[in-house]
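The values are calculated or read from the model by the stated rules, or taken from the named source; none is laboratory data. Everything numeric here is computed off the predicted structure, so don't read it as measured data. Ideal geometry is used to build each Cβ from the backbone, glycine not excepted, and the neighbour counts take in all protein chains shown. Ligands, DNA and RNA are stripped out before the accessible areas are found, and what is left, the full protein with its side chains, is counted by its heavy atoms. Shrake-Rupley method; radii C 1.70, N 1.55, O 1.52, S 1.80 Å.
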Amino acid sequence: MIMFYALANSRPANSWRVVFTVLLSLLLVLSLAACSTTKEEPTPEPETTTVTVSGPAGEVPTIEFDEPFEFVSPVTEVLWEGSGEKIQEGDWVMLHMYALNPETGDEIRNDYTGLPQAYVFSPKTIGSELYNSLVELPFGSRIMHVSQDKDVTQILVVDMLPARSVADPRPVDKALPEVSYEENGKPIVSVGKKLTKPHELVVQHLKSGSGLQVDEKAQVLVHIAATTWSDSKEFYSTWEKDAGPIRFKVGVDKVIAGLDQALVGVPVGSQIMVIIPPELGFGQTNSDLAKETLVYVVDVLAATTVPEK
């Protein structure tokens with residue numbers, strides 16, 4: 001008060017107003033500076049419901065989660081990475097999928113009770129959301145994906161398997177046709193002109209898998225490339241993008257007899273070359289192949305167990 005009084009009595013009125021304005025501005029600046037140094041409290045992140053998935057590949061996974069389940073946002077988690085090659089767009093892939101609704105407990109999908117589904121790996125064939133979750137992961141990987149569509153929540157577990165044999169190659173008898181491979185794994189058969197044509201069924205393991213052995217009456221999923229012995233001309237293939245692995249029941253006349261016989265006892269994951277004489281092929285039909293000896297290269301991708309009687 002003494003200072004302000006002195007200033008008021010020693011300066012003109014206008015000077016006093018100037019000093020008062022300067023002091024007021026200074027106080028305002030200090031107040032703003034103090035406010036700017038105050039830390040804002042961070043917005044708390046929404047809590048995510050914990051989901052736990054257990055169980056080995058090839059079996060129905062066990063899914064556990066907090067109840068009640070509250071969906072917050074889509075989540076993708078790589079549960080484990082496989083040891084195979086990284087998947088590329090255009091590869092054939094088998095997907096084992098299991099999905100449930102955690103809010104109702106209802107099972108939405110279960111591929112583990114039968115054969116897996118085979119797809120050409122692309123956003124168009126499996127959907128962009130699943131494609132983006134799997135792209136560049138190695139074969140043998142498992143992921144979990146939590147999503148919601150039209151208010152229906154689902155927890156999806158996916159095992160990603162190669163739709164071709166990846167077992168180690170085995171030595172091949174030089175008296176048999178040569179087999180080479182395209183980039184996507186498709187086999188190409190070349191029958192040498194000097195080879196002696198067999199007159200009985202021949203089964204040669206090109207790669208030996210370690211999975212379930214195919215039993216008679218089992219459902220199988222296979223890739224096939226079929227060639228004529230006489231001119232090495234391919235007459236049937238499941239490797240094209242608009243085709244895909246086929247499934248059938250062994251031993252019930254769904255395929256030619258030679259192929260039926262050759263598959264029994266073969267472990268899943270194997271690749272075999274089957275040379276089929278006419279009488280075990282199309283010999284009893286009006287087909288143009290009735291007199292042909294046939295060369296099949298078969299990738300045995302999956303098989304079901306046969307219940308004991």
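Looking at the stretch 196-214, which of the residues that are open to solvent by 80 Å² or more (accessible area, probe 1.4 Å) and in a loop (DSSP other than H, G, I, E, B) is nearest to residue 112 (Cα to Cα)? Restricting to residues being open to solvent by 80 Å² or more (accessible area, probe 1.4 Å) and in a loop (DSSP other than H, G, I, E, B), the top hit is 210.
Of the candidates 186, 217, 193, the single residue that is open to solvent by 30 Å² or more (accessible area, probe 1.4 Å) and on the phi < 0 side of the Ramachandran plot is 193. Taking the stretch 70-123 and the strands (runs of 3 or more DSSP E) fully enclosed by it, the elements with 3 or more residues that are surrounded by 17 or more Cβ atoms within 10 Å (Cβ to Cβ) and not aliphatic (A, V, I, L, M) are at 92-100. For the stretch 220-242, residues that are within 19 Å of residue 93 (Cα to Cα) and surrounded by 14 or more Cβ atoms within 10 Å (Cβ to Cβ) total 9.
Evaluated against (1) under 23 Å from residue 121 (Cβ atoms); (2) in a loop (DSSP other than H, G, I, E, B); (3) modelled with pLDDT of 95 or more, residue 188 falls short on exactly one condition, (2). Residue count for the stretch 254-280, restricted to those that are open to solvent by 20 Å² or more (accessible area, probe 1.4 Å) and among the small types (Gly, Ala, Ser): 3. Beta carbons closer than 6 Å, at least 6 apart along the sequence or on distinct chains, pair a first residue in the stretch 210-232 that is touching a residue at least 12 places away in the same chain (Cβ under 8 Å) with a second that is hydroxyl-bearing (Ser, Thr, Tyr) and open to solvent by 70 Å² or more (accessible area, probe 1.4 Å) for 226/236.
Looking across the stretch 56-69 at every residue that is at pLDDT 90 or above and within 15 Å of residue 141 (Cβ to Cβ), the one that is least open to solvent (accessible area, probe 1.4 Å) is identified as 61.
The single condition among (1) touching a Pro at 6+ places or on another chain (Cβ under 6 Å); (2) among the aromatic types (Phe, Trp, Tyr); (3) surrounded by fewer than 19 Cβ atoms within 10 Å (Cβ to Cβ) that residue 139 does not satisfy is (3).
Here is the figure for the stretch 137-181: residues that are in contact (Cβ under 8 Å) with a residue 40 or more places away in the chain, over 21 Å from residue 202 (Cα atoms) and either of a type in the set (Asp, Glu) or part of a strand (DSSP E or B) (or both) total 19. Which of the numbered conditions does residue 40 fail, given that it passes all the others? Conditions: (1) at pLDDT below 90; (2) under 23 Å from residue 143 (Cβ atoms); (3) open to solvent by 90 Å² or more (accessible area, probe 1.4 Å). Of (1) at pLDDT below 90; (2) under 23 Å from residue 143 (Cβ atoms); (3) open to solvent by 90 Å² or more (accessible area, probe 1.4 Å), only one is false for residue 40: (2).
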